[in-house]
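First the structure, in the form of structure tokens, and then the observations on it.
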Amino acid sequence: MQRSASFFAAFLAIVLLFSLIILPLQAQSDGANGGVLLLDHVTGFTSLPNGIEVRDGEALEEIVALRDDILRVRISRNDKLPEDASWAVLPEARHSSVSVAPEITADHVGFKTHSLSVEIARKTLALTIRDLDGKPIQQDALPARFEGSSFRVYKSKGADEHFFGLGDKTGSLDRANQAFTLWNTDAYRFQESTDPIYKAIPFFISYQAGRASGVLMDNTWRSSFDFGREFESIYSFGAANGPIDYYFIYGPAPKQVIQAYAWLTGKPPLPPMWMLGFQQSRYTYYPQSRVLEIAERLRADHIPADAIYLDIDFQEKHRPFTIDRKGFPDFAGMIAKLSAENFHVVTITDLHIANLPGQNYAPYDSGIIGDHFVKNPDGSIYTGRVWPGPSVFPDFTQAETRAWWGTLYNDFHKMGVAGFWNDMNEPSVFDTPSKTIPLDVIHRIDEPGFCKRTATHAEIHNVYGMENSRATFEGLRKLDPNTRPFVLTRASYAGGQRYAATWTGDNSSSWNHLRMTTPMLENLGLSGFAFSGADVGGFAGTPTPELLTKWLEIGAFQPIDRDHSEKGTGDQEPWIGGPEQEEIRRHFIEERYHLLPYLYTLAEETSRTGLPMVRPLLLEFPDAAPDHHPIDVDPQAAGEFLLGPDLLIAPPHYPDELDAYTIEFPSPDWYDYWTGQRVPKPVSSGSADPAQPVNPAEQPPLTTQVHPELAALPVFVRAGSILPMQPLVQSVYEKPDGPLTLRIYAGSRCEGELYLDDGKTYAYQHGEYLRMKLACQVNDEGLNLRVSAHDGSYPAWWKEIRAEVYGWEPKQNQVVVNGNATSLPFVRSASATIFNVRDDGRGLEIELK
């Protein structure tokens, strides 16, 4: 049986090669007319200052270096490359270049940068990218193939190669041996096998033998990626139409790939701080009295919260930018009352505009006057049925249309609405077979950096939602240039993180959907969308009290913590299910607010680097496994994730199971977040002789056994971390009452950071921020703690620091502060040494002995 399977696999490979290479040779001359064209030998080349241009007859391939670690590859059927424009890649990145050293031999042509070697085989035109040690990083497996209007690029796949990214695709974190379609789709009640889904982010990371690289295929048409699903030794990507235009990014560390991708496509802007607070939502809170009742209950029950969402029923007949005055007779007064209680109201603004000529509906009337709606091929305005009934759709590929769209927020902005939610922007349409705008509908591209032209919806579909959120973000910036917008989008494309946060769409209230959330958020973060979340408790269906509790526990450690549910389902607020459940849920929401200094510092790091808040273990610990495989693919670690570099959250991989499970750590030294105790190390499997050194690769990884409990969530802190924390508040802008807490977990590389600003405006760009660097060192003489002087002009809310030192105890109970011996009262808990010290902002050098 084994021999038969091997023979069958070999036979399939031969058939593939025959169909891809032998048969199309007869049709190469017809390539320009829509037949099959393969690029399989070099007929000429030209060295460029920043790369190389090679030809195969009329076909052209250009490879240029934007940086030493980033290449751009463009391939054309003919001797003219397509328009050099992009919705995703920033102009300054796309036009960047570095000088290269040509490398021409009898067998290949190519060049070198300071990081990479690029080789193109003369006989086959196969591209190989190597590091400077000569090790291949990426290799063509088969010639690039054009067929009709479509194309496909084939790369060699290693048996131990793993893939991550592509945004919010469902399934496991690792994309290896899976295949996906990118076509933004309203995927209500999606399941683990559902594809396509809400976003089209054509970026992935390859990780093999400890080295990471990335590929961004910048093509907006319907596209697909196969990571060894069809042929185990080949991965491939292609699209139904449009250009072959992709970017190769070399790490070799995964973090370097993520930061380089952010350089290409942009970083998420620093959000308002209230985004990090707990958010309560429902489809729909109605009427006005119900909204106020929810807010009052949150405050009365002392459940910290910062946002309340209004879904489509607050509008008159579901028409965007209107208000149902029967249900909300004093909308502005309601907003003002909520704002006085530190609640930020987020209103939904779907992009479909009700088709209401002659009915004094301003969005329609002004859109018609400005010619802002997409059109049918015959020039008439396209109409499709959505929530308001027959609707028209803005043409966001026009800069003037985006500017017009931004003005529609003026009234809501004046009333004090704090954030806006762009839903249904795949776009979703109810009355077409495709459930979206027909492919032949016409868009008019009138955009800086693009040639002015028309394009069908088939080309624009995957960027339509991104340009909708862009129009919202830029419109809010224009209305109030000094206030950070909050925009939440459901559909997007690569680069969409520049304009909006996101969520995973219409999930379900099931244990499996809770399990699916972690890899979806991790891959979104790796794909640029660091500020993301999932509907806590599930959108479709009513969760059991236990499911809602566990989801609220885990959601407290994710970037956006929004409890949201569907019309017709049971209530889903934190108090539902009785006092015992409410107490557990309150405890975890409160812990999120204690961690706000850490969370906001992470958000600011994201805005500078592109690194996500929620991270797979691989991102911080690429060398965790002796053989350099991603630890996240281990069954014992599949449910774990990191919040920043320091916190490990470890729910069971199957959260509904009651059996004890093993937690696998990516490094050997961790603390229990709740108790402060070190995780005990396993007994070594090495030599019994203590004098005989043990090979670390032979030691078992750090593990611990956990028995699931409803009221508990395993959370651990990396040794060497310094976590900034604060006293409890009921909203993020409430001034904490008490000292800043620094939790210091003794270990190597002991460091931390704190960032703070007003959490609302752009004043931080002009120096109004506070940044502190934190470090500690343990030696034979004691522990040294260094708190840097406050950088920036923003004032601290604290006057005193409470230091909690875990994993180390003083022997002499002596302390020296800035060179002066002093008497500070120590408090000993079961696991920590605690003391308080004044912080005047000029920096602290503390020696404990």
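No lab work stands behind these numbers, since they all come straight from the coordinates. The shown structure was predicted, so the numbers you read here are calculated from the model rather than taken from an experiment. Cβ coordinates were reconstructed from backbone atoms using ideal geometry, including for glycine residues, and neighbour counts include every protein chain displayed.
If I take R0 = 22 Å and measure r between the Cβ atoms of A179 and A159 in this structure, what FRET efficiency does the formula 1/(1 + (r/R0)^6) give, to the nearest 0.05?
0.80
Based on the alpha-carbon gyration tensor of the chain and its eigenvalue square roots a ≥ b ≥ c, which shape applies: rounded if a/c is under 1.5, prolate if not and a/b is larger than b/c, or oblate? Walk me through the numbers before you get to the answer.
Values: a/c = 1.75, a/b = 1.16, b/c = 1.51.
In terms of gyration-tensor shape, oblate.
Which value, in debye to the nearest 20, describes the size of the charge dipole of region 28-265 about its Cα centre when Lys and Arg Cβ atoms bear +1, Asp and Glu Cβ atoms bear -1, and nothing else is charged?
Result for region 28-265 is approximately 280 debye, rounded to the nearest 20.
Rg and Dmax of region 28-265, using alpha carbons, in Å: what are they?
17.1, 57
Tell me what the chain gives for mean residue ellipticity at 222 nm when only DSSP H runs of n ≥ 4 count, each as -39,500 (n - 2.57), the sum divided by the residue total, rounded to 500 deg cm²/dmol.
Details: 14 runs with 162 residues, N = 849.
Helix contribution divided over all residues of the chain: -6000 deg cm²/dmol.
Which one, L548, P287, F826, is farthest towards the positive end of the dipole of the chain when Lys and Arg carry +1 and Asp and Glu -1 on their Cβ?
Most positive-ward Cα: P287.
Compute the distance from the alpha-carbon center of region 355-395 to that of region 70-118, in whole Å.
For region 355-395 versus region 70-118, the Cα centre distance is 43 Å.
Show me 227-236, 391-400, 771-780 ranked by packing, highest mean number of other Cβ atoms within 10 Å first.
Highest-to-lowest ranking by the protection proxy: 391-400, 227-236, 771-780.
Which of the peptides 500-513, 602-615, 42-55 is most tightly packed, and how do the rest follow, judged by the mean count of other Cβ atoms within 10 Å per residue? Walk me through the numbers on the way to the answer.
Working: 500-513: 23.5, 602-615: 21.9, 42-55: 16.9.
In descending order of packing, they fall as 500-513, 602-615, 42-55.
Past the 27 Å Cα-Cα mark, which pairs from K169/K414; K199/K255; K337/K735; K112/K267?
From K169/K414; K199/K255; K337/K735; K112/K267, over 27 Å: K169/K414; K112/K267.
May I ask you to list, by number, the DSSP H helices of the chain whose Cα span along the axis is at least 27 Å and whose average Kyte-Doolittle hydropathy reaches -1.0 or more?
457-479
Under a plain spin-label model, where a point goes 7 Å from the Cα along Cα-to-Cβ, how far apart in nm are H653 and S193?
Those two pseudo-labels are separated by 2.1 nm.
Which order do S667, S492 fall in if you start with the one that has the fewest other Cβ atoms within 10 Å?
Result, fewest neighbours first: S667, S492.
Round to the nearest 0.05 the FRET efficiency obtained for D131 and E546 when R0 = 45 Å and r is the Cβ-Cβ distance.
Working: r = 50 Å, r/R0 = 1.11.
Efficiency, rounded to the nearest 0.05: 0.35.
Set the Förster radius R0 to 56 Å, insert the Cβ-Cβ distance between T609 and K317 as r into 1/(1 + (r/R0)^6), and round the FRET efficiency to 0.05.
It comes out at approximately 0.80.
Using per-residue counts of other Cβ atoms within 10 Å, averaged over each peptide, order 366-374, 260-268 from highest down.
260-268, 366-374
Work out the charge dipole of the chain with +1 on the Cβ of Lys and Arg and -1 on the Cβ of Asp and Glu about the Cα centre, then indicate which of A126, P668, G358 is farthest towards its positive end.
Projecting each Cα onto the dipole axis, the largest value belongs to G358.
Check the chain for me: any Cys whose beta-carbon has no other cysteine beta-carbon within less than 4.7 Å?
C451
With the Cα gyration tensor of region 54-129 giving a ≥ b ≥ c as the square roots of its eigenvalues, does the rule (a/c under 1.5 for rounded; else a/b larger than b/c for prolate; else oblate) give rounded, prolate or oblate?
Details: a/c = 2.62, a/b = 1.19, b/c = 2.21.
Cα axes put region 54-129 in the oblate bin.
Report, in debye and to the nearest 20, how large the dipole of the chain comes out about its Cα centre when Lys and Arg carry +1 and Asp and Glu carry -1 on their Cβ.
For this selection, approximately 1000 debye.
Can you list the aspartates and glutamates whose alpha carbon is less than 20 Å from that of K811, not counting same-chain residues fewer than 8 positions off?
Within the straight-line limit of under 20 Å, K811 reaches these aspartates and glutamates: D780, E781, E845, E847.
Just need log10 I(q)/I(0) for region 366-430 at q = 0.26 Å⁻¹, Debye formula, equal scatterers on the alpha-carbon atoms, no solvent, rounded to two decimals.
For region 366-430, the Cα-only Debye profile gives -1.29.
Could you tell me the center-to-center distance, by alpha carbons, between region 447-485 and region 170-203 in angstrom?
So the separation of the two Cα centres works out to 24 Å.
In nm, to one decimal, how far is the N779 label point from the Q139 one, both placed 7 Å along Cα→Cβ?
If labels sit at N779 and Q139, their model points lie 5.1 nm apart.
Can you give me the Cα centroid spacing of region 274-304 and region 549-579 in angstrom?
12
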